[in-house]
């Protein structure tokens, strides 16, 4: 009888020791590949340039634009109020802290929406929430907002309204941007990520 | 008698525990699909130019295939039915990890062949490409262009006249110049000043115009 008790104890101890040597899994927080693929197939992560501009003009404090292009490209031109996290430093500790903020909608953008989407996929894999991608990236933002094309006389009311919104937004950003974009960016804390002061532009029109 | 029943009960418990453990071990399956690359390793994929294929390279491959590449169309089956490039295999994004599709990639790997993923846009093929590399499929290239650049319906001259990649910055430097004043600190940092100066007349016009 004692033997059976010993056997039971032996089994339990063996299992316990076995568990000790199980490889540690740090993947538990990560999304499983199947789940990540389903997320990739879901287009709801894409925000249009007009939506983002609307939120920028309204100075939505929950919006955080993240420019994943290189520092040089960021310095040449950026969407007003964006911070720069080059994609190479996407997974550095300070960048993760910024992207991990739960209270903000983080929107990635690059020249197109490929690099920004890659950044999105990697962050999504790490289980980060409220992250989005700007559809078409800065190329589309520039061609629709900054160089908004005036619709023809016969265009529908929606089109004319859209054009007026876009040109007003452009005026807002670049007309006398000094004060306004300053407000829009001041809520953001840039820890180590390079942030450029809002561009002063006395140049007038767009 | 009492002693006997006690022994029996103990035997039953031991047998039960052993059975549970054995069933557990038998039914335990390692997940078929798991991340092989860490996030940091995956990040390095993005800079690896040997993992992408440009429209020019693809156009050459389409003209005379070397038999070592297979084009994979990640658009949905309706779009695939409407038109696709010759010999392409349709694997829509959401079906990427279906068993038969995974075996397509495994077979390619065994045969030493390479898969080229293309979608309606580069962005569409980008997700599956990154997923495949992260889960350990190495012989997969990303086509850095749109389907229209491969489309057999459009003529060769058209495909070759669109060498542009998706991530090329398209920002109009003239319009950008009109936005920022010449006295701005930004421009001091830009080395290509003489080039910009040569376009001054356009800039002046744009500025005098005022509006957008």
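Taking the criterion of being outside any helix (DSSP H, G or I) and either more than 17 Å from residue B:40 (Cβ to Cβ) or at pLDDT below 90 (or both), the residues of the range A:69-90 that qualify are A:69, A:70, A:77, A:78, A:79, A:80, A:81, A:82, A:83, A:84. If you go through the range A:29-39 one residue at a time, do you hit one that is loosely packed, with under 14 Cβ neighbours inside 10 Å, within 21 Å of the chain's Cα centre (by Cα), in a helix (DSSP H, G or I) and within 14 Å of chain B (Cβ to nearest Cβ)? Checked against the condition, which is being loosely packed, with under 14 Cβ neighbours inside 10 Å, within 21 Å of the chain's Cα centre (by Cα), in a helix (DSSP H, G or I) and within 14 Å of chain B (Cβ to nearest Cβ), the range A:29-39 yields at least one hit. Flag: residue A:52 matches the condition of being away from chain B (no Cβ under 12 Å), over 30 Å from residue B:25 (Cα atoms) and not in a loop (DSSP other than H, G, I, E, B). Restrict the check to the range A:101-123 and report whether at least one residue is at pLDDT 90 or above, part of a helix (DSSP H, G or I) and more than 20 Å from residue B:119 (Cβ to Cβ). Checking the range A:101-123: at least one residue is at pLDDT 90 or above, part of a helix (DSSP H, G or I) and more than 20 Å from residue B:119 (Cβ to Cβ). Within the range A:98-124, the set of residues being more than 21 Å from residue B:128 (Cβ to Cβ) and either within 11 Å of the chain's Cα centre (by Cα) or away from every other protein chain (no Cβ under 12 Å) (or both) comprises A:98, A:99, A:100, A:101, A:102, A:103, A:104, A:105, A:106, A:107, A:109.
Could you say whether any residue in the range A:68-75 is within 12 Å of chain B (Cβ to nearest Cβ), surrounded by 21 or more Cβ atoms within 10 Å (Cβ to Cβ) and in contact with a helix residue (DSSP H, G or I) (Cβ under 6 Å, 6 or more places away or on another chain)? Checked against the condition, which is being within 12 Å of chain B (Cβ to nearest Cβ), surrounded by 21 or more Cβ atoms within 10 Å (Cβ to Cβ) and in contact with a helix residue (DSSP H, G or I) (Cβ under 6 Å, 6 or more places away or on another chain), the range A:68-75 yields at least one hit. Scanning the range A:125-162 for residues that are without any contact (Cβ under 8 Å) to a residue 24 or more places away in the chain and either within 15 Å of the chain's Cα centre (by Cα) or more than 9 Å from chain B (Cβ to nearest Cβ) (or both) yields A:149, A:151, A:152, A:153, A:154, A:155, A:156, A:157, A:158, A:159, A:160, A:161. In the set B:62, B:70, B:82, only one residue is buried (at least 16 other Cβ atoms within 10 Å of the Cβ) and more than 17 Å from residue B:125 (Cα to Cα); that residue is B:62.
Taking the conditions exactly as written (in contact (Cβ under 8 Å) with a residue 24 or more places away in the chain and surrounded by fewer than 16 Cβ atoms within 10 Å (Cβ to Cβ)), does residue B:52 satisfy them or not?
no
If you check B:33, B:62, B:43 for being away from chain A (no Cβ under 12 Å) and under 24 Å from residue B:143 (Cβ atoms), only one passes: B:62. Among the conditions (1) under 22 Å from residue B:170 (Cβ atoms); (2) at pLDDT 90 or above; (3) in contact with a strand residue (DSSP E or B) (Cβ under 9 Å, 6 or more places away or on another chain), residue A:62 misses just one, which is (1).
Checking each residue of the range B:2-12 against the condition of being farther than 30 Å from residue A:15 by Cβ and either in contact (Cβ under 8 Å) with a residue 24 or more places away in the chain or loosely packed, with under 10 Cβ neighbours inside 10 Å (or both) gives at least one match. Taking the criterion of being out of contact with any helix residue (DSSP H, G or I) (no Cβ under 6 Å at 6 or more places or on another chain), closer than 22 Å to residue A:146 by Cα and in contact (Cβ under 8 Å) with a residue 40 or more places away in the chain, the only residue of the range A:80-106 that qualifies is A:83. The residues of the range A:40-49 that are part of a loop (DSSP other than H, G, I, E, B) and touching a helix residue (DSSP H, G or I) at 6+ places or on another chain (Cβ under 9 Å), listed by number, are A:41, A:48. So how many residues does the range B:100-119 have that are within 12 Å of chain A (Cβ to nearest Cβ) and without any contact (Cβ under 8 Å) to a residue 60 or more places away in the chain? The total comes to 2.
The values are calculated or read from the model by the stated rules, or taken from the named source; none is laboratory data. Because the structure is predicted, anything quoted here is derived from the model rather than measured. For neighbour counting, all protein chains shown are included, and Cβ atoms are generated from backbone atoms with ideal geometry for every residue, glycine included.
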